[in-house]
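Below is one structure, written out as structure tokens; the observations come after it.
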Amino acid sequence: MPSLRFDPSLIESVVTAAAALDAELARAYHRRANPLYETLLLDERETAFDQLHAQLFVARGYSEWFAALFAELPALQQRAPSLLVLAARLAPEEGAVVGRDGQSVCLRITPERFAKREPLSAFVRHELLHAADMFDETFGYPQDNADRPYTSGAANALAERYRVLWCAYVDARLVRRGVAPLTTVESHRRAFEQGLGAPAAAFERIWNAQALSHADLMALARAQAERRIGPKPGARCPLCNFPTHQWAREIAEPVAALIRADFAAWQADDGACERCAERYAFLAQAPDLVGGRPHSLREGRRSICTDEK
């Protein structure tokens with residue numbers, strides 16, 4: 001039988017927040033809470049209020065609801081029959097980890113998530129599937145610090161790439177199960193393109209994968225770390241030197257060759273603003289009639305991008 005435990009401070013926050021929005025619950029709460037001030041000593045009240053909050057928490061169906069979500073992953077329950085739900089102070093603290101005993105799941109959630117049941121369901125399912133991966137021997141998640149992508153310093157970029165890849169892999173499996181993912185497929189695709197600078201094929205590989213391991217995700221994360229990531233929005237175009245939020249998505253090789261003719265040190269990963277790329281693309285298709293080759297834009301590169309970007 002699975003064991004579910006909830007942090008008393010989380011229960012209190014959830015119940016009091018719900019009572020602030022539900023007049024009937026508020027009346028029931030005060031009807032039972034007011035006598036505690038009159039009949040109990042100060043050192044007895046904390047225990048009594050913990051019990052009251054727990055009873056109202058159960059009455060609102062949260063215990064059964066968490067148990068049902070946990071039961072959706074029988075393999076996880078078999079490996080980790082205990083689920084401890086704790087309060088997170090801030091969103092970055094949220095998530096599921098392996099308990100200190102190595103046989104339980106510790107899930108941290110901000111109380112604010114309980115305000116809407118459907119988004120909470122998506123979050124809990126997402127995190128429990130992360131936990132299932134952690135306990136799955138075939139996934140191979142390291143239980144010690146070896147090769148774990150959660151370190152400091154230079155490895156932060158690798159950890160973030162790993163997180164993006166793993167979250168997409170988790171949500172893709174939730175979609176195939178017919179339940180709502182934590183993040184939409186469009187958002188995951190944007191994270192791949194903008195955050196990782198990864199090609200569409202890399203996203204499709206993750207999203208459609210039937211089975212990936214920790215080693216697979218780490219290899220992909222390292223491969224992306226070794227790639228030069230394109231310029232960020234607001235950076236200056238290396239050709240016209242104007243800041244831009246509109247970078248060319250693709251630069252064909254004939255166009256790149258013309259750019260390198262004017263800018264010998266330029267590489268495709270340096271990128272180019274849309275306007276510069278469009279003008280070089282035009283010249284690649286329409287060489288001037290006098291010289292029989294595209295005219296260089298280098299001398300007038302600032303004049304061609306005078307429109308505000």
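The values are calculated or read from the model by the stated rules, or taken from the named source; none is laboratory data. None of these values were measured; they are calculated from a predicted model. Reconstructed Cβ throughout: ideal geometry from the backbone, glycine too, with neighbour counts over all protein chains shown. Accessible surface areas use protein heavy atoms only, side chains included; no ligands, DNA or RNA. Shrake-Rupley method; radii C 1.70, N 1.55, O 1.52, S 1.80 Å.
Assorted remarks:
- Seen against the Cα atoms of the chain and their longest principal axis, helix 23-39 is set at about 50 degrees.
- Degrees separating the helix 253-262 axis from the principal Cα axis of the chain, which is the longest one: 70
- Nitroxide proxy distance, nm - points 7 Å out along Cα→Cβ at Ser82 and Ser9: 2.0
- Residue-span extension gain [Asp136 to Asp50] - 0.36 nm each, minus C-alpha spacing: 27.4 nm
- (1) 22.2; (2) 20.9; (3) 23.6, with the label sought being that of the calculated Kirkwood radius over Cα pairs in Å: (3)
- Here the gap between Ala75 and Ala17, fully extended at 0.36 nm per residue and compared with their Cα-Cα distance, gives a gain of 17.5 nm.
- Potential extension, Leu90-Ser63 segment - 0.36 nm per residue separation minus Cα distance: 7.5 nm
- Taking every protein chain into account, the accessible area of the range 25-140 amounts to 55 square angstrom per residue (probe 1.4 Å).
- Rounded to 0.05, the FRET efficiency of the Ala261 and Glu204 pair, given R0 = 35 Å and the Cβ-Cβ distance, is 0.50.
- Estimated 222 nm signal from helices in the chain, with DSSP H stretches of n ≥ 4 weighted -39500 (n - 2.57), rounded to 500: -16000 deg cm²/dmol
- Nearest-ten-degree value, helix 214-226 long axis tilted from longest Cα axis of the chain: 40
- Most fluctuating residue given options Phe203, Phe139, Phe242, as computed from a GNM of the chain linking Cα atoms under 10 Å: Phe242
- Among Ala198, Ala122, Ala265: highest mean-square fluctuation, GNM of the chain, C-alpha pairs under 10 Å: Ala265
- Backbone N within the range 42-85 under 17 Å of label point (7 Å from Asp101 Cα along the Cβ vector): 76-85
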